[in-house]
Every structure is written in C-alpha cells, then in structure tokens.
Amino acid sequence: MNRTLAVLTILIVCATMAAAAEPLPTDYTVAMVWTALDPGARPGALGRAYTALTDDAEATYWNAGALGFLKKMEFTAMHEPRGVASNSEMFFDYGAFVYPTQLGTFALSLQYHNMGTSERTDEQGNFLGTMHSYGINPWLSYGKTFLDDKLGIGASVKYDYEHLFTGPGGTSSAICFDIAGQYRPFTWLRTGLAVTNIGPTIYGSMLPRTLRVGVASNVVRDKFNDLNVTADVQKIMVNLKDSFTKEMAQAAYCGGAEYFYFDLVGVRLGYYYLKYGDIMGLSFGAGVRYMGFSFDYANLPEGGFGEENRFTLNYRLP
C-alpha cells in the first residue's frame with residue numbers, strides 16, 4: 001500500500017505541476033551551455049528523471065551524494081552521436097571511474113562535447129576559414145553516507161574549458177562546483193536533490209546553474225521482477241525575476257519507469273517536458289546486465305537535434 005501511494009504521489013505531483021505551468025518567455029542566455037547536457041543511456045531512457053534513482057557511476061553527474069552508497073570500483077563510458085544535416089561530426093562522450101575507500105567514495109569523470117567543424121566569417125560575411133569547436137570538462141567528486149547509510153552527501157569540483165575558435169575571445173574556462181544529496185529512508189523509496197554548475201560568469205553570462213529535485217520508488221522487487229518508477233523537476237537557476245509560479249513554468253518535468261527480469265534484461269520508458277526549450281516527448285530504451293557488466297541503450301528527444309541515440313557500457317567489480 002505504501003509503495004502504491006508513493007507511485008501515485010510521484011505521478012500526480014508531476015502531472016499537476018506540468019499542467020499548471022504557463023509558458024513564459026525569459027532570458028536563459030548562459031555560458032558553456034554544453035555543461036548542462038546530461039549523460040547516460042539509462043537516465044536518458046527514463047526521461048532524464050535520475051536524481052533520486054541513481055545508483056551507479058553516473059552519479060558523478062546526476063547526484064554526487066549517491067556515490068557514498070557505492071561500495072565497489074566501477075567504470076562507465078557513454079557515446080551519443082549528435083550530428084545534424086549541417087554538421088555530422090558532432091558527438092557527446094562521457095566517462096567516469098568510481099573508487100570507494102573507508103573515508104568515502106571518490107570519483108573521476110570527463111565529458112567531451114565535439115561541436116564539429118564549421119565556417120567562420122566576419123561581420124560582413126567574409127569567409128575567414130574553418131574552425132573546430134569543442135568543450136571538455138574533467139572533474140573530481142566525493143560522496144559519503146550518514147545516518148546509518150540512509151543519507152548520502154556529495155560534491156564535485158569541475159574544470160570547464162571551451163574552445164570555439166583560435167584567437168582572442170575564442171576560448172574560455174571556469175572552475176565550478178556541484179553539491180548534492182540522496183536520502184533512502186526505506187529500501188523502496190529514494191529522494192534526491194542536486195545543484196550543479198555553481199560558478200562565475202563568463203563574458204557576462206552565467207554558467208547553466210541547475211536545481212534538480214527527484215523521487216523514486218522500487219514498486220516491485222522479488223527473485224524475478226524489479227520495477228522502478230522515478231520523477232524529477234529540473235530548473236535552470238539564472239535571471240530569476242518572476243514569481244514562483246512563472247519561474248516553474250520554465251522547469252523541466254521528467255518521469256520514467258524501468259522493469260528488469262531476473263536482473264538480466266530490462267526495458268525503460270520515460271517522458272521529458274521542457275516547454276521553454278521546446279524539448280518534449282517520449283524516451284525509451286533497454287539494458288542487459290551480466291557478470292558485473294551492463295550495456296544500456298536509449299532513444300530520447302534532443303530538441304533541435306531531433307531524436308538521438310545513446311549507448312553506455314558499465315562495469316562494476318565483483
């Protein structure tokens with residue numbers, strides 16, 4: 001009964017907030033927008049609702065507080081082709097390594113966003129040559145559990161570097177931070193909160209500082225079946241000038257469900273709704289787990305990029 005109530009609460013709250021949201025144009029001009037792109041095939045298939053559910057190496061991005069619950073070394077790597085008709089070279093890669101110790105769990109991560117090659121022109125439209133643009137950000141994360149392993153608190157420090165073109169004003173860099181927590185009051189219930197990209201302004205624009213709040217429930221778990229449902233609300237925290245209701249109109253509302261049979265093969269379905277960014281639609285995917293390895297696939301909406309595919313390979317040491 002408690003689990004059913006939790007599931008209904010998740011769905012009703014998210015559906016109500018999304019329905020009540022009245023789209024309102026606002027200024028979301030940010031620097032290094034690529035640092036807000038989320039990694040992982042499993043999160044992608046779940047509609048990007050992963051702040052509370054995360055329990056693997058992808059916690060380095062989604063919720064560093066969950067790292068404290070990881071007690072074994074783990075590796076993960078993701079690849080997402082992001083090419084469009086005008087630029088087929090674009091892609092997004094992510095990797096992480098988790099190392100637990102008696103003092104807590106440490107992790108190293110790296111994201112690389114290849115923006116491809118494009119033409120460079122001056123203000124009069126004269127051709128100046130081609131340029132290769134990319135962004136890269138390595139970071140260090142740490143998480144530790146408290147309250148008899150029910151609460152995990154974590155943080156990350158990141159170095160962001162963006163190369164748009166060679167020459168004055170063509171590159172930028174910044175150091176920023178994430179703070180996050182995950183609470184597991186019961187074996188079937190998790191909540192999560194994360195604030196990411198806390199850092200300086202770049203050429204007058206803020207980094208895409210983002211607040212994510214999530215809840216997840218393990219509805220069914222027995223020898224053969226494992227069913228999770230999860231939901232997130234995610235909000236870019238820049239230029240906050242309007243009322244709470246209007247600000248929440250620009251939030252992203254995310255939800256998803258995951259079913260695994262015999263902890264071997266699973267399917268996922270999710271929905272992502274971000275009216276302001278015109279990114280909305282169903283996501284889906286599948287996963288296979290065996291002998292510590294897991295392979296996950298996702299298809300998800302990416303706005304102007306259309307629907308994109310993600311592939312993740314993960315290994316957790318026995």
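Tabulated results
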read-out	value
Test result for Asp149, within 22 Å of Val233 (Cβ to Cβ), of a type in the set (D, E, K, R) and either buried (at least 20 other Cβ atoms within 10 Å of the Cβ) or modelled with pLDDT of 95 or more (or both)	no
Only listed residue being surrounded by fewer than 21 Cβ atoms within 10 Å (Cβ to Cβ) and under 20 Å from Thr51 (Cβ atoms), chosen from Lys241, Lys235	Lys235
Selected residue [touching a residue at least 12 places away in the same chain (Cβ under 8 Å), over 30 Å from Val267 (Cα atoms) and part of a loop (DSSP other than H, G, I, E, B)] from Phe165, Phe177	Phe165
Qualifying residues in the range 264-280 (those that are modelled with pLDDT of 95 or more and over 15 Å from the mean Cα position of the chain (by Cα)) - the one surrounded by the most Cβ atoms within 10 Å (Cβ to Cβ)	Arg268
Unique residue being under 30 Å from Phe186 (Cβ atoms), surrounded by 14 or more Cβ atoms within 10 Å (Cβ to Cβ), of a type in the set (A, V, I, L, M, F, W, C) and in contact (Cβ under 8 Å) with a residue 40 or more places away in the chain when the list is Ala286, Ala249	Ala286
Complete set of residues in the range 52-103 that are of a type in the set (S, T, N, Q) and touching a helix residue (DSSP H, G or I) at 6+ places or on another chain (Cβ under 6 Å)	Thr54
Any hit, the range 224-242, residues being of a type in the set (Phe, Trp, Tyr), modelled with pLDDT under 95 and over 16 Å from the mean Cα position of the chain (by Cα)	no
Given (1) part of a strand (DSSP E or B); (2) more than 19 Å from Thr51 (Cα to Cα); (3) aromatic (Phe, Trp, Tyr); (4) in contact (Cβ under 8 Å) with a residue 40 or more places away in the chain, number of the condition Tyr276 does not satisfy	(1)
Only listed residue being aliphatic (A, V, I, L, M), within 25 Å of Met32 (Cβ to Cβ) and in contact (Cβ under 8 Å) with a residue 60 or more places away in the chain, chosen from Ile198, Ile236	Ile236
Selection count where residues are at pLDDT below 95, in a loop (DSSP other than H, G, I, E, B) and touching a strand residue (DSSP E or B) at 6+ places or on another chain (Cβ under 6 Å), scope the range 69-121	3
Meets criteria (out of contact with any helix residue (DSSP H, G or I) (no Cβ under 6 Å at 6 or more places or on another chain), more than 30 Å from Thr201 (Cβ to Cβ) and buried (at least 16 other Cβ atoms within 10 Å of the Cβ)) for Leu227	yes
Matching residues, the range 180-194, being in a strand (DSSP E or B) and either more than 19 Å from the chain's Cα centre (by Cα) or loosely packed, with under 15 Cβ neighbours inside 10 Å (or both)	Arg184, Pro185, Phe186, Leu189
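The values are calculated or read from the model by the stated rules, or taken from the named source; none is laboratory data. What you see is a predicted model; the values in this text were computed from it and never measured. Note that each Cβ is placed from the backbone with ideal geometry, even for glycine, and that neighbours are counted across all protein chains shown.
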